Amino acid sequence: MSETIHPVTPEWAKRAYIDEAKYNEMYARSIKDPNGFWSEAAKRVDWIKPFTKVENTSFELGKVSIKWFEDGVLNAAYNCIDRHLEKRGDQTAIIWEGDDPSESRHITYRELHDEVCKMANILRLRNVKKGDRVTIYLPMIPEAAYAILACARIGAIHSVVFGGFSPDSIAGRLRDCKSRVVITSDEGLRGGRTIAMKANVDAAIEKVNGEVDWVVVVKRTGGKVNMDPKRDVWYHEAAAVVESECPCEPMNAEDPLFILYTSGSTGQPKGVLHTTAGYLIFVSMTHQYVFDYHDGDIYWCTADVGWVTGHSYILYGPLANGATTMMFEGVPNYPDNSRFWNVIDKHKVNIFYTAPTAIRALMQAGDAPVKKTSRASLRLLGSVGEPINPEAWEWYYRVVGDSRCPVVDTWWQTETGGIMISPLPGAIAQKPGSATRPFFGVVPQIVDADGKVLDGECSGNLCIAKSWPGQVRTVYGDHERFEKTYFSAYKGKYFSGDGCRRDADGYYWITGRVDDVINVSGHRMGTAEVESSLVAHESVSEAAVVGYPHDIKGQGIYAYVTLMAGVEPSEALRKELVAWVRKDIGPIASPDLIQFAPGLPKTRSGKIMRRILRKIAEDEPGSLGDTTTLADPGVVTDLVNNRQNKK
Ligand code: WTA
């Protein structure tokens, strides 16, 4: 493991909001006096009615309850838009860069206000009220921002579904939160190809027996779609007849802001619920300090708004700070491998935040596509979504940042709302591959399998010992599942599902998931979801899915499939199964490797021994460990001999 250290430069220590001394002082205060620390931090948002209580939280199993600023009243959209109008009405809020490099737009805070109000009025006219769930299935177009903020404005709870999900996945989410309104587009455009957004929504609605009242359709490509005159409305037509003023709904601090479905180790995706004040304060504060955002900076996070990174660090965090934030519709390698860097030059981007999978893919394309661009505007680089290997970190630092820009490797999760462990660029020396030190108010603990808290240098499972304002409040509609998932493994602690090492300097090194969740190109995937999709195919009797190391994606999806009696394995069937999962869940869940296995390694009680399957998928048949407890140790030989990842 690399132990290179990139110290904080004197310029950075001077220019940043937070230097090392300040970090130490503020961190200590945030732990010693959380109420004092967070009530001060809460001044960064505007309140309709100020709070009198700060933290009221319990991690005790059976009584888990998380409330911050609970008697305060505010509105998130007001904080992201209206309060900036006086000073920044003409400042660009959003730079939109289209899939086609010739298309881009600047949207000022005033325009954002008007568009969000129109979208809000479109929803209000269709009887959407505070607390109603609105599903948003949109590509990376400005209307996605309008839709999200319009919900926040009227107090509706948005549930954004990533554009890469299938009709079945959309249907599952519609059903779970009983959402009766969908905002989508005719098609999406990515890397020069169109995506059938409206058709996917139509198919999803059929799967929920038509139980959707309204579909608002944004025209993106002009491609042909079916419109149901009783249910579907064109956004541009609806927007033409509504006002560009709409009052902000006063929201309690703990009123829900959004649901975001995320994969866990068991069952269907969980609806992670975030509420208003704590979330907004946490994402705004982390955005300011981790990215050292100053007025006038151009900030670009390449995530999709369908993921939490897009929610927190394209929209809510930056906009709460009055920033200029970029939304990018396209992909890193279209029209060519210089796209990111050309866009940085085109819009003079200062702060750039992307995922290791993109960095690794571009690294494979060599230095030339980077070096033919200037990137002189860049000041800071960020990474998120999965562990970044030191080689990719160094390439990002040296080639993309010309050894001039600090790299902030930010560890967090859908459930944490915002960044939890990351260097602050003026305060904390970086070690490639380490997310370094906790943000204010965050108390990481590393525990062993028995729940013993480990001290000093150690490795084990990563827990968070105390609540923080951006934390998930519940799993929508299933508080028991919430408690069980996050608070039952280790008493009185939030368990992240990640493994972690702490080094002698107190730096944290995330080692990846320790549960049955895999991280493919920075997308979280439950192995159980892929398994249940595979076994739904008529030829499959049993399936087990594990992750394996993949040079670009971080992890790839490796599926062991046992076929029904009488069905013969074939290349055609392999292809069919990949296409099946792709259609069922979405392209991000496509298995990379499928191994037809006559039998799976099971204990005598019938439990699949995944440890063995992981080792075989990792091409390490020599370290299978003890296989004597298997019901039929013979299956292992066949699995090893037919492994698909042989180097
Ligand atoms: C992983 C994305 C290492 C981790 C914001 C976590 C990381 C999961 C990092 C959450 C990082 C995220 N270093 N691993 N900097 N950032 N992860 O919910 O396994 O999509 O549990 O949130 O991504 O993924 P999610």
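Counting Lys and Arg as +1 and Asp and Glu as -1 over every other residue whose Cβ lies under 12 Å from the Cβ of residue 51, the net charge comes to 0. Between residue 514 and 498, 499, the built amide H atoms are under 5 Å apart, and every one of these is 5 or more places off in sequence or on another chain. Taken along its principal axes, the alpha carbon cloud of the stretch 58-113 reaches lengths of 55, 31, 12 Å, longest axis first.
Taking only the C-alpha atoms of the stretch 335-384, the Rg (one decimal) and the largest Cα-Cα distance, Dmax (whole number), read 10.4, 26 Å. Think of the stretch 295-373 as a dipole: +1 on every Lys or Arg Cβ, -1 on every Asp or Glu Cβ, centred on the Cα centre; then among 337, 354, 302, 337 lies furthest on the positive end.
Only sites in a loop by DSSP and with at most 15 other Cβ atoms within 10 Å count here; which GluC sites (Glu not before Pro) in the stretch 429-519 make the cut?
457
Restricting attention to the stretch 97-230, close to 25% of DSSP beta bridges with both partner residues there are antiparallel.
Label reach from residue 245 (point 7 Å along Cα→C-beta): in the stretch 98-134, amide nitrogens under 15 Å belong to 113-115, 117-118, 121. Distances longer than 18 Å among the Cα atoms of the stretch 417-496: what percent of all pairs is that? Result for the distance tail: 49 percent. Distance from the Cα centroid of the stretch 404-482 to that of the stretch 233-278 is 26 Å (rounded to whole angstrom).
Placing +1 on the Cβ of every Lys and Arg and -1 on the Cβ of every Asp and Glu, with no other charges, gives the chain a dipole of roughly 320 debye about its Cα centre.
Electrostatic tally near residue 624: other residues with Cβ closer than 9 Å to its Cβ, Lys and Arg +1, Asp and Glu -1, net 0.
Using a cut-off of 25 Å between Cα atoms, the listed pairs 43/118; 118/207; 615/647; 129/583; 14/49 include 43/118; 118/207; 129/583; 14/49 as exceeding that distance. With each label modelled as a point 7 angstrom along the Cα→C-beta vector, the residue 61-residue 620 pair spans 3.0 nm. Solvent-accessible surface of the chain, taken per residue with a 1.4 Å probe and all protein chains present: 38 Å². The heavy atoms of residue 294 offer some 50 square angstrom of accessible surface to a 1.4 angstrom probe. These residues, 551, 515, 409, go from largest to smallest accessible area, 1.4 Å probe, as 551, 515, 409. Under conditions of 10 °C and 1.306 mPa s, the stretch 139-284 yields 97 µm² s⁻¹ as its translational diffusion coefficient, taking Rh as the Kirkwood radius over Cα pairs in the Stokes-Einstein equation. Helix content alone sets the calculated 222 nm mean residue ellipticity of the chain: runs of n ≥ 4 DSSP H residues at -39500 (n - 2.57) each, divided across all residues, give -8000 deg cm²/dmol. Based on Cα atoms of the stretch 274-325, Rg over Rh with Rh as the Kirkwood radius reads 0.94. When the convex hull of its Cα atoms is viewed from all sides, the stretch 508-647 shows a mean projected area of 9.1 nm². Within the chain, the cysteines lacking any other cysteine Cβ closer than 4.7 Å to their own Cβ are 80, 151, 177, 248, 301, 405, 458, 463, 500.
Summarising the amide proton neighbourhood of residue 556: residues at separation of 5 or more, or on other chains, whose placed amide H is nearer than 5 Å comprise 548, 550.
Where the accessible area of the stretch 313-442 is counted over protein heavy atoms with a 1.4 Å probe, how much of it, in %, is carbon and sulfur?
Of the solvent-accessible surface of the stretch 313-442, carbon and sulfur hold 52 percent.
Hey, what D do you get for the chain in µm²/s if you plug the Kirkwood alpha-carbon radius into Stokes-Einstein at 37 °C and 0.692 mPa s?
Details: Rh = 25.4 Å.
Stokes-Einstein gives a translational diffusion coefficient of 129 µm²/s.
Note on the stretch 38-172: semi-axes of the ellipsoid equivalent to its C-alpha gyration tensor, largest first and rounded to whole Å, are 29, 23, 15. Modelled label positions at residue 127 and residue 564, each set 7 Å beyond Cα in the direction of Cβ, lie 4.4 nm from each other.
Would you work out the charge dipole size for the stretch 360-492 about its Cα centre, treating the Cβ of every Lys and Arg as +1 and the Cβ of every Asp and Glu as -1, and quote it to the nearest 20 debye?
540 debye
What is the sum of charges, Lys and Arg at +1 and Asp and Glu at -1, for the other residues whose Cβ falls under 14 Å from the Cβ of residue 373? Taking every other residue near residue 373 into account, the sum is +2. Ligands, DNA and RNA excluded, the heavy atoms of residue 637 present near 80 Å² of accessible surface to a 1.4 Å solvent probe. Of the solvent-accessible surface of the stretch 138-230, computed with a 1.4 Å probe and all protein chains present, 45% belongs to carbon and sulfur. At 1.002 mPa s and 20 °C, plugging the Kirkwood radius over alpha-carbon pairs of the stretch 299-437 into Stokes-Einstein gives what diffusion coefficient in µm²/s? Here the translational diffusion coefficient equals 142 µm²/s.
The values are calculated or read from the model by the stated rules, or taken from the named source; none is laboratory data. These figures come from a predicted structure and were not determined experimentally. Cβ coordinates were reconstructed from backbone atoms using ideal geometry, including for glycine residues, and neighbour counts include every protein chain displayed. Heads up: the accessible areas ignore ligands, DNA and RNA and are worked out on the full protein's heavy atoms, side chains in. Shrake-Rupley method; radii C 1.70, N 1.55, O 1.52, S 1.80 Å.
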